[in-house]
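As structure tokens, the structure follows; a few thoughts come after it.
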Amino acid sequence: MSATLHKKTFQELTTDELYELLRVRSEVFVVEQNCVYQDLDNDDQKSIHLWLTLRQDSEEEEKVVALARVCPAGTHMKEISIGRVITTERGKGYGKQVMLHAIDAAVEHFGATLIDIEAQEYAKGFYEGVGFKQSSDTFMLDGIPHIKMTWKK
């Protein structure tokens with residue numbers, strides 16, 4: 001089955017789409033990873049939101065299988081950045097797909113030649129697989145070891 005890409009600015013999101021993206025973010029980052037942090041950080045309003053959905057055979061609705069947001073420079077980080085990267089169907093390539101689309105969106109919408117991320121340290125190999133390189137030592141963010149990684153065009 002192939003996933004459907006959705007790409008919208010905050011202003012283009014419907015309330016149902018926004019609710020579903022925030023629900024999935026909360027489910028993974030807060031509940032699954034047992035991490036209490038402020039997800040609603042006022043960067044969403046300036047960002048490009050991307051997500052992949054998959055229609056389940058037995059269900060009418062589409063399920064979000066991966067998502068990410070692309071923030072312009074000076075919002076979440078000094079440089080253009082990608083964050084809130086999630087895949088709900090692990091090991092099926094949806095995370096890589098959404099990241100490649102997010103890189104394309106950063107270039108298309110914000111003219112990115114350099115993109116930064118704050119990656120959970122365990123996911124370093126995943127991000128290297130889409131062209132990012134470690135650019136900092138390990139640091140703690142919300143109680144989880146992270147590293148800064150950078151993509152260059």
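Numerical summary
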quantity	calculated
Scan of region 51-78 for residues that are surrounded by 23 or more Cβ atoms within 10 Å (Cβ to Cβ), closer than 18 Å to Glu118 by Cα and of a type outside the set (Gly, Ala, Ser), ordered by number	Leu67, Arg69, Val70, Cys71, His76
Filter result for Val28 (touching a Leu at 6+ places or on another chain (Cβ under 8 Å), hydrophobic (A, V, I, L, M, F, W, C) and in contact (Cβ under 8 Å) with a residue 12 or more places away in the chain)	no
Residues located in region 112-138, provided they are open to solvent by less than 50 Å² (accessible area, probe 1.4 Å) and within 26 Å of Thr9 (Cα to Cα)	Ala112, Leu114, Ile115, Asp116, Ile117, Ala119, Gln120, Tyr127, Val130, Gly131, Phe132
Residues (open to solvent by less than 90 Å² (accessible area, probe 1.4 Å), more than 23 Å from Ala106 (Cβ to Cβ) and part of a loop (DSSP other than H, G, I, E, B)) located in region 1-36	Thr14, Gln33, Cys35
Pair list, Cβ under 9 Å, 6 or more apart: region 94-123 residue part of a loop (DSSP other than H, G, I, E, B), other residue of a type outside the set (A, V, I, L, M)	Ala112/Glu79; Ala112/Trp151; Ala112/Lys153; Thr113/Lys152; Thr113/Lys153
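The values are calculated or read from the model by the stated rules, or taken from the named source; none is laboratory data. Since the model is a prediction, treat every value here as computed from it, not as a measurement. With ideal geometry, Cβ positions are generated from the backbone for all residues, glycine too; neighbour counts draw on all protein chains shown. The accessibility values were calculated without ligands, DNA or RNA, using every heavy atom of the protein model including side chains. Shrake-Rupley method; radii C 1.70, N 1.55, O 1.52, S 1.80 Å.
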